[in-house]
Amino acid sequence: MFLRAPQSGQTVKPNRSNKGAFTGKAAPKIKKWQSPEQEGEESAAKAQKIECEFVAWMRNQKTSGAWHVEAAKDYLLEGLPWKGDSTYDAKQVINDLGSKWMRNPGKDDGCQDRSIRRGWAVAYDPKVMLQLLLLAKDGRGRRQWACLELVETQQLQIIAWLRQYFDTLGVTVDAPQVVQDTESTCMSGNSDSQRMTKSNPSSDHWKGVPQWIIDANANHVPTWVPDTVCVVCKRPVDDQFMDCACTEARWSRCSKCCEKYRTDFVKGGALNDNAWCKCGHK
């Protein structure tokens, strides 16, 4: 076979497929270069966040300057809607309180990348967001709705700001009273600590649970308790080791007030300060 020069009517057949040989997907389009100022103007024009009265009030508030406080403030100053995470079981609850589903415009219908979120459960009103944050936690200790990419201390800071704002308006926002189905709650495992009380000790769901666990969940006070100082060795008893410098000391924690006390002391004796907790441990 001999090679021949191409004729005038012969042309090279173009490869019209832009898909990758291994992925089968088209390469991403190359965007035209823009300066940072142009990108900022374009993103601001697309976003067009709504600024409500609470955002204007929040903009004038002086903060401590700590990074986690400033991050929480920046989240609020972005304006409506405020994006959040929610658990699957709380879908109906947060919808009843006014939360809406916002689809992620950056994810196409055929996108299979799970790292890109489908959307967010958003709040379009500061009162709705406060009620969502005041929802009781589920059986695993998770918030049923939480501000997107913020930690627990930042959630509490936002709750404090919202309460302060509504106090200036003379408006009281109470925690929502959510009534859940008993059977479905037990099946899903998301029962709250209010059902773990002495008023219902004969419930089949809690049959066989020790009484001290029921007391600890029913009377637990979520407040910080300082370390108890031993009256003998003057050493604070921390939460990690529950021990002091006394070799014969035996320490325990009260399930009601969370304060530590010594079980080897005689109650009513000379060392009565460490023999009793704040609530008397009756």
Percent RCO, i.e. relative contact order, over segment 49-169, from Cα pairs under 8 Å lying at least 6 residues apart
29
Exposure proxy check: K19, K137 ranked by fewest other beta carbons within 10 Å?
K19, K137
Apply the a/c threshold of 1.5 to the C-alpha gyration tensor of segment 49-169 and tell me whether it is rounded, prolate or oblate.
prolate
Order 94-101, 20-27, 227-234, 120-127 from most to least packed using the mean count of other Cβ atoms within 10 Å.
120-127, 94-101, 227-234, 20-27
Given a Förster distance of 41 Å, the FRET efficiency implied by the Cβ-Cβ spacing of E78 and V229, rounded to the nearest 0.05, works out to 0.35
Plugging the Cβ-Cβ distance of E51 and A27 into 1/(1 + (r/R0)^6) at R0 = 45 Å yields, to the nearest 0.05, a FRET efficiency of 0.70
Taking 8 Å as the Cα distance limit and 6 or more residues as the minimum spacing, I'd like the relative contact order of segment 78-140 as a percentage.
44
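For the pairs K234/K267; K29/K73; K127/K260; K137/K256; K234/K256, flag any whose C-alpha to C-alpha distance is greater than 31 Å.
Correct reply: K29/K73; K127/K260.
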1/(1 + (r/R0)^6) with r = Cβ-Cβ of D243 and C111, R0 = 51 Å, i.e. FRET efficiency to nearest 0.05, evaluates to 0.40
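Bear in mind these aren't lab numbers, they're just calculated from the coordinates by the rules spelled out. Everything numeric in this text was worked out from a predicted model, so none of it was measured. Don't worry about glycine lacking a Cβ; one is built from the backbone with ideal geometry, like all the others, and counts go over all protein chains shown.
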